[in-house]
Amino acid sequence: QVQLQAFGGGLVQAGGSLRLSCAASGRTYAIGWFRQAPGKEREFVAAILWSAGSTYYADSVKGRFTISREGAKNTVHLQMNSLKPEDTAIYYCAASGRRYNSGSSYYYADKGYDHWGQGTQVTVSS
């Protein structure tokens, strides 16, 4: 019953910004963003917990990306600034219906999430 839809991908020049959005339906505890480039493993980007608003970031995006939530719309945003060509990937939002301990490694791993939406393409040109 959980459904996720990612929006906001596109083409942007290096140094530019994009904001991705994830619209969620159904009960979820946390929303995470992951990305995958062709031929590469899917990697964690950021996550947020609905209740407390706690956030988690991959080291590669700290200081550049910001994840936030809008409870009224059941929507999570990923503001991406200072984009680099290596940020090029398909970005997916995922949901977890499970709560883990604070700082748990599960929040950083795809195995910690139960539901996945369709990805949105982000392309950063040099």
(message) Within region 25-56, name every residue whose backbone N is under 16 Å away from a label modeled 7 Å from Cα of residue 1 along the Cβ vector.
(response) 25-29
(request) With springs connecting C-alpha atoms under 10 Å apart, model the chain as a Gaussian network and identify which of 39, 26, 16 has the largest mean-square fluctuation. (result) 39
(message) Using +1 at the C-beta of Lys and Arg and -1 at the C-beta of Asp and Glu, which of 26, 6, 67 has the Cα lying farthest in the positive direction of the dipole of the chain?
(response) 26
(message) Let me check I've understood the local charge: for residue 81, count other residues with C-beta under 15 angstrom from its C-beta, Lys and Arg +1, Asp and Glu -1. What total comes out?
(response) +2
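Identify the chymotrypsin sites (Phe, Trp or Tyr not before Pro) of region 16-87 meeting these criteria: DSSP loop state and at most 16 other C-beta atoms within 10 Å of the C-beta. List each step's numbers first, then the result.
Details: sites: 29, 33, 34, 44, 50, 56, 57, 65; in loops: 29, 50.
Passing sites in region 16-87 are 29.
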(request) Report the charge-dipole magnitude of the chain in Debye, nearest 20, computed about the Cα centre from +1 at each Lys and Arg Cβ and -1 at each Asp and Glu Cβ. (result) 220 debye
(message) Given a 1.4 angstrom probe, I'd like the percentage of the accessible area of the chain that is carbon and sulfur, rounded to a whole number.
(response) 44 percent
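Once you have the Cα-Cα distance between residue 23 and residue 52, take 0.36 nm times their residue separation minus that, and quote the gain in nm to one decimal.
Values: separation 29, 0.36 × 29 = 10.44 nm, distance 1.87 nm.
Full extension of this stretch gives 8.6 nm more.
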(message) Which of 27, 69, 42 ends up with the largest GNM mean-square fluctuation for the chain, with Cα atoms connected below 10 Å?
(response) 27
(message) Between 103, 32, 112, where does the largest GNM mean-square fluctuation fall for the chain, given springs only between Cα atoms within less than 10 Å?
(response) 103
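Determine the gain in length on full extension of the stretch residue 86-residue 40; use 0.36 nm per residue of separation and subtract their C-alpha separation, reporting nm with one decimal.
Extra length available between residue 86 and residue 40 comes to 15.4 nm.
The values are calculated or read from the model by the stated rules, or taken from the named source; none is laboratory data. Computed from a predicted model, the values in this text were never measured in an experiment. Positions of Cβ are backbone-derived with ideal geometry, glycine not excepted, and every protein chain shown enters the neighbour counts. Accessible surface areas use protein heavy atoms only, side chains included; no ligands, DNA or RNA. Shrake-Rupley method; radii C 1.70, N 1.55, O 1.52, S 1.80 Å.
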